[in-house]
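Worksheet: the structure to be examined is printed underneath.
The values are calculated or read from the model by the stated rules, or taken from the named source; none is laboratory data. All figures in this text were calculated on a predicted structure; none of them were measured in a lab. Neighbour counts are summed over all protein chains in view; Cβ atoms, including those assigned to glycine, are modelled from backbone coordinates with ideal geometry. The accessibility values were calculated without ligands, DNA or RNA, using every heavy atom of the protein model including side chains. Shrake-Rupley method; radii C 1.70, N 1.55, O 1.52, S 1.80 Å.
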Amino acid sequence: MTEQGEGWLPRPATELFGPEAVAKEAYGVLTVDVPAAAWTEALRTARSELGCTFFDWLSAVDEPAEGFRIAAHVVAVGTPPRRLLLRTTVPHAAPALATATGVYAGAAWHERETHEMFGVDFPGHPHLVRLLLPEEFEGHPLRKDFVLAARVAKAWPGAKEPGESHAGGPKRRQMQPPGVPDPNDWGPQKGTLPPPPARPARRAGTRRAAAAAQEDNATAPPAESGTDRPARGARRTRSASGGSASQRAAEETSGETQDGENAGGTPGEAASATPGEAGAGGRPRGARRARSASGGSASQRAAGGGPAAAGREPRSRTRTPDAPWQRPQPDDGSPPPAEPAAGEPSSAPEDGEGGESP
């Protein structure tokens with residue numbers, strides 16, 4: 001019985017690609033790492049035995065601690081498609097790998113791009129020349145040690161450098177991004193630029209001394225102006241529920257002074273007394289009773305007009321042909337009855353009480 005390999009492999013990776021092959025699957029892609037000496041043989045195995053007839057791409061990754069990792073992505077077309085990523089590593093000192101054009105002809109352009117971007121040589125390639133960069137370009141741009149010298153080789157076309165003040169004063173020296181050297185250390189202007197302006201030295205402890213002086217001024221007592229006033233201490237911190245000093249003093253003395261103010265004071269003084277302490281004899285009055293809207297106010301209950309009057313049925317009113325806010329006019333043209341003065345009871349019967357409605 002044949003042993004099942006990793007992922008969708010029919011056999012273990014060590015049987016298909018050699019004893020040093022390592023396979024793992026992640027995110028639907030099967031990755032197999034092989035040594036550089038077995039690179040072309042691993043590509044033939046993927047094409048002939050695994051059915052990966054579609055060549056997708058080939059590129060490299062610069063790993064500073066390991067070397068250049070070459071990766072080729074091939075696919076076995078079907079439903080669903082089976083994808084395989086073959087990888088190998090070549091050292092930085094001698095970056096060379098046998099060409100894959102003998103197995104996949106479509107790898108020719110990919111190897112040309114990898115050659116000029118990373119400097120990896122592919123022995124056996126039929127036409128290993130530049131593909132993207134001009135002939136006068138020096139270096140390999142995708143290497144981690146490549147100097148990003150665009151701003152150094154070509155001057156900034158603007159009138160002001162980014163971050164430079166329009167007032168013309170000394171500016172803060174710009175921080176170079178990773179990979180960009182100092183123009184005074186590398187490039188055509190090496191050694192010709194003046195040193196950057198030095199920032200004025202900051203006095204040590206200036207902010208700390210200012211903060212300490214401000215704290216001393218806040219806690220120090222006020223200066224005496226010719227009078228013998230005692231020094232006031234620091235203000236006590238209190239919560240909102242404790243109230244202010246004036247409120248606490250009023251609460252302490254309210255039991256002693258409220259009787260005299262209510263007995264001999266004017267109505268205005270009595271009205272300005274503290275709520276809750278304006279009862280007879282200076283006794284504190286209890287909390288106001290909560291009542292519903294159906295209970296009416298105190299004046300309505302005193303007049304007996306509230307709905308709680310004993311045995312009294314609610315009055316029924318009939319609408320008049322006149323406006324509802326006017327009293328009905330008599331038919332004989334006589335003047336309407338005079339309105340009662342304020343405070344006098346009305347002698348005229350209201351609508352629905354003892355009279356006939358028009």
- Item | Answer residue from region 105-123, given it is open to solvent by 70 Å² or more (accessible area, probe 1.4 Å) and in a helix (DSSP H, G or I) and is nearest to Glu49 (Cα to Cα) among those | Trp109
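Would it be correct to say that Glu15 is open to solvent by 70 Å² or more (accessible area, probe 1.4 Å) and at pLDDT below 95? Before the answer, list the steps.
Values: open to solvent by 70 Å² or more (accessible area, probe 1.4 Å): yes; at pLDDT below 95: yes.
Answer is yes for this residue.
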- Query: Scanning region 1-41 for residues that are more than 50 Å from the chain's Cα centre (by Cα) and aliphatic (A, V, I, L, M), which turns out farthest from Met117 (Cα to Cα)?
  - Reply: Met1
- Kindly indicate whether any position in region 6-23 is in contact (Cβ under 8 Å) with a residue 40 or more places away in the chain and part of a strand (DSSP E or B). no
- For region 34-53, indicate whether the set of residues that are in contact (Cβ under 8 Å) with a residue 12 or more places away in the chain, under 23 Å from His125 (Cβ atoms), open to solvent by 20 Å² or more (accessible area, probe 1.4 Å) and outside any helix (DSSP H, G or I) is non-empty. yes
- Message: For region 82-92, check the following and say yes or no: at least one residue is open to solvent by less than 20 Å² (accessible area, probe 1.4 Å), in contact with a Phe, Trp or Tyr (Cβ under 8 Å, 6 or more places away or on another chain) and either assigned to a helix (DSSP H, G or I) or among the small types (Gly, Ala, Ser) (or both).
- Response: no
- Item | Flag for Arg202 being assigned to a loop (DSSP other than H, G, I, E, B), at pLDDT 90 or above and of a type in the set (D, E, K, R) | no
- Message: Take Ala60 and tell me if it is closer than 23 Å to Glu116 by Cα and within 49 Å of the chain's Cα centre (by Cα).
- Response: yes
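Give region 63-85 a look and list any residue that's in contact (Cβ under 8 Å) with a residue 60 or more places away in the chain and touching a strand residue (DSSP E or B) at 6+ places or on another chain (Cβ under 6 Å), or say none.
Answer for region 63-85, where residues must be in contact (Cβ under 8 Å) with a residue 60 or more places away in the chain and touching a strand residue (DSSP E or B) at 6+ places or on another chain (Cβ under 6 Å): just Arg82.
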- Message: Looking at Gly102, Gly78, can you tell me which residue is closer than 19 Å to Gly7 by Cα and part of a loop (DSSP other than H, G, I, E, B)?
- Response: Gly78
- Message: Which numbered condition in (1) more than 18 Å from Ala105 (Cβ to Cβ); (2) outside any loop (DSSP other than H, G, I, E, B); (3) among the aliphatic types (A, V, I, L, M) is the only one that Leu58 fails?
- Response: (1)
